[in-house]
Structures are given as C-alpha cells and as structure tokens.
Amino acid sequence: MKRFVFLGLMIILGGLISSFRVTQGIDEAGRALVKAYKVGAKEKAPYLYHKSKGYREISAILASEADDVGSRVFAIRTMNSASKAITAAFVGTEELSPVEDLPEEVKKEGLSFQVVDLKELKSRIDFLRNNRGMFCAPKELGRAEAFYDGLVFEMKKEQPNTALVLRFYNEVSTESKIAESKLRVAMDNEFECYTGEKKVAKKPPPEPEPAVTEEEKEEPVEEQEVRVDLEEKEKQPQLIEEPLKITARIHFDFDRYNIKREYIPILNEVVKTLKENEFVKVRIEGFTDIIGPKEYNVKLAQRRANTVKNYLVKHGIPEDKIEIVGFGKERFIASNEESIGRLTNRRVEFIVIKFREE
C-alpha cells in the first residue's frame with residue numbers, strides 16, 4: 001500500500017515539475033510578445049506580431065495536452081517571430097517568414113484525417129503570400145501560418161492527436177479564407193495594399209512663404225541644420241538595449257552528456273531561430289544535480305553545454321554566435337531529494353544574450 005502511495009506522489013510531483021517547466025516557457029514567450037507590443041509592432045509589423053501571438057497560443061494548447069517538447073518548440077517560435085516583429089517595427093518594413101513543408105502522406109493505424117486537405121490549405125496560403133496578402137490581411141495571414149505550422153507539427157508525430165489536428169485545421173481554414181476574401185476585394189479595387197502604389201492627390205496651390213524675421217536672418221545656417229538634425233534624431237525610435245530572453249531547456253540522464261532523442265525538435269528550433277536572426281546570439285548554460293564532487297560536476301556541466309554547442313555548429317550555426325558555460329551543482333530549479341527533481345536539475349539552457357541591430 002505504501003508503495004502505491006509513494007508512486008502516486010511521484011507521479012503528482014513529476015506532473016507539477018513538468019507543468020512548472022512548460023508554464024515558464026509560455027511566460028517567457030509572453031514577455032517576448034509584450035516587448036514587441038511596447039515598440040509598436042502590433043501596428044508597424046502586424047503580420048509578424050499576430051503570427052507570434054498564434055505561436056504562443058499553440059504553445060499553451062500543447063502544454064494543456066502535456067506536450068512539453070511541443071510547447072517549448074512553439075515558445076521558441078514565439079520569441080523568434082516576436083524578435084523579427086521588433087526589428088521590423090524599427091526598420092519600417094516586414095518580410096514574410098518561412099512556413100513548414102508539407103509532411104508526407106499521413107497513414108496512422110486507427111487514425112483518419114480524410115477531412116484534412118493540407119494541399120488545399122498550403123495552396124491558399126501560397127496564394128496569399130505571393131499576392132501581398134501580408135499587407136492586405138496581415139492579422140489573418142499571420143495567424144493562418146502559425147496554426148498551419150502547428151498542424152504540420154502535430155501531423156508529423158508518430159501518434160497525432162486527432163482533436164488537435166482538427167482544431168488547428170479549422171483555425172487555418174477560417175483565417176486563410178477571411179484573408180483570401182480581403183485580398184480579392186483589394187485586387188478587384190486596386191487598393192494600395194495590393195498595388196503597392198499610393199494614389200497621389202492633387203496638390204493644393206502653394207501657400208505664400210512666411211516672412212522671415214530679423215532674428216532668423218541673423219541665425220547661422222549651420223546652427224539651423226544642426227537643430228533640425230537633433231529634432232529628427234529625437235523623433236526616430238531607438239532600438240531597445242534590453243535583450244530578449246527565453247529558455248529552451250533540455251535534460252540529461254545521470255552522469256551523461258549525450259543528447260536524448262526526444263529533445264532534438266527543440267535543438268532544431270534553436271538552430272532555425274539562430275539562422276533566421278542575424279543579431280541573435282546564445283549562451284548555453286550547463287548544470288548538474290547535487291550528486292558528486294563539485295569539480296567533477298563543473299566539468300560534466302561543461303561537457304553537456306559543449307555537446308549541445310557541437311550539435312548547433314554541425315547544423316550550420318557559426319561558433320562565434322555561441323557561448324558556453326558550465327555551472328555544475330548550483331542554480332537548482334527543483335529539489336534534489338527525489339529522482340525527478342534531480343533529473344530536472346540535470347539540464348542545459350539556452351539564453352538569448354543579444355537582440356538588437358548594430
């Protein structure tokens with residue numbers, strides 16, 4: 001009886017710790033969105049802003065389905081898209097971000113996805129992307145692409161969740177159809193969002209120039225130009241100094257530093273983020289649990305960080321974009337009294353240490 005009670009407590013504890021880790025990722029994704037909102041990305045880069053909101057929503061949905069890895073993958077995508085939105089807000093132009101490739105035909109035993117026509121969805125999204133849908137229906141296209149990526153992610157699993165597949169499919173279908181409707185109206189009426197050309201109104205007759213006072217005549221031209229330059233610089237938004245941070249945590253078996261297969265999707269998402277953001281660098285931090293000598297654990301933590309670094313470099317990330325450090329048995333995020341807590345502490349974290357244009 002005691003044994004079953006103990007196992008029950010372990011399951012509950014494991015669930016709480018896992019829930020904590022997932023919730024932390026969602027919270028960090030939310031902070032990235034807040035930063036984007038504060039610099040005006042919602043108005044200045046609506047497509048990227050709403051795409052990142054869609055990613056965060058998917059992260060929360062996957063967390064509710066106990067998909068720890070999937071939730072973290074889309075938390076990272078939220079940060080990635082929010083980073084691009086912030087840059088676009090300052091630069092004044094936004095660009096289309098990639099969407100997932102179509103998965104191979106899905107045939108799972110006991111599962112049926114006959115109602116899901118991925119090719120039709122992809123065809124509609126491609127039409128929107130190729131015909132300035134980003135400008136005529138930015139919110140709808142951003143959300144449609146985000147949930148399309150979520151749909152593809154779910155369908156690539158060995159055992160897709162049928163309810164999630166249908167939920168994501170319906171979201172993509174609805175948003176993309178609204179976007180297509182808006183785009184076709186813009187095409188028929190040759191709106192500026194589609195043509196890219198502003199309709200020039202007739203200029204009113206020029207007003208007479210104001211009389212110049214004696215004081216203004218005496219003011220040197222150089223001083224006037226300097227004053228105008230300063231005023232213009234004050235009007236221009238300055239890039240934020242505070243870096244965006246989001247944790248993409250992976251865990252290791254006792255006294256090991258090899259990467260577990262289940263964490264490969266997270267590492268691949270980190271690779272994608274670093275490739276798509278020129279001004280993003282990461283610090284890889286390695287940790288251990290409390291067992292073992294301090295010096296040994298520092299070296300083990302360093303090996304874990306270095307193994308992950310090697311994976312990123314192997315997949316095309318320049319070494320100068322990566323810093324590594326091994327902390328060993330410190331900065332615990334869970335109790336070392338139980339095995340599940342020690343597993344939680346045996347980890348590597350990715351911290352974005354830089355995000356701004358130079």
**Request:** Would you mind calculating the gained length between E43 and R283 on full extension (0.36 nm times residue separation, minus the Cα-Cα distance), in nm to one decimal?
**Result:** 83.2 nm
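State the extension gain, in nm to one decimal, for the chain segment bounded by N310 and K177, taking 0.36 nm per residue of separation less the distance between their alpha-carbons.
On the way: separation 133, 0.36 × 133 = 47.88 nm, distance 4.33 nm.
Using 0.36 nm per residue and subtracting the Cα-Cα distance, I get 43.6 nm.
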**Fill in**
Quick calc: nm separation of the 7 Å Cα→Cβ label points for F332 and C193 -> 5.5
**Complete:** Sorted on mean Cβ neighbours within 10 Å (highest first), peptides 44-51, 291-298, 132-139, 170-177 come out as 44-51, 132-139, 170-177, 291-298
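About its Cα centre, how strong a charge dipole does segment 98-199 have in debye, to the nearest 20, once Lys and Arg get +1 and Asp and Glu get -1 at the Cβ? Don't skip to the answer; put the middle values down first.
Numbers: 17 positive and 20 negative charges, 52 e Å.
Computed about the Cα centre, the dipole is about 260 debye.
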**Message:** Just to be sure I understand the model, the point goes 7 Å from the Cα along the line to the Cβ. What's the resulting N258 to K272 distance in nm?
**Reply:** 2.7
**Fill in**
1/(1 + (r/R0)^6) with r = Cβ-Cβ of K299 and V34, R0 = 45 Å, i.e. FRET efficiency to nearest 0.05, evaluates to 0.70
**Message:** Please arrange D255, D188 by how many other C-beta atoms lie within 10 Å of their C-beta, fewest to most.
**Reply:** D188, D255
**Request:** Give me the number: length gained by fully extending V325 to F127, i.e. 0.36 nm times residue separation minus the C-alpha to C-alpha distance, one decimal in nm.
**Result:** 66.7 nm
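Coordinate-derived values only; no laboratory data. Since this is a predicted model, take the numbers as computed values, not measurements. Neighbour counts run over all protein chains shown; Cβ positions are idealised from the backbone, glycine included.
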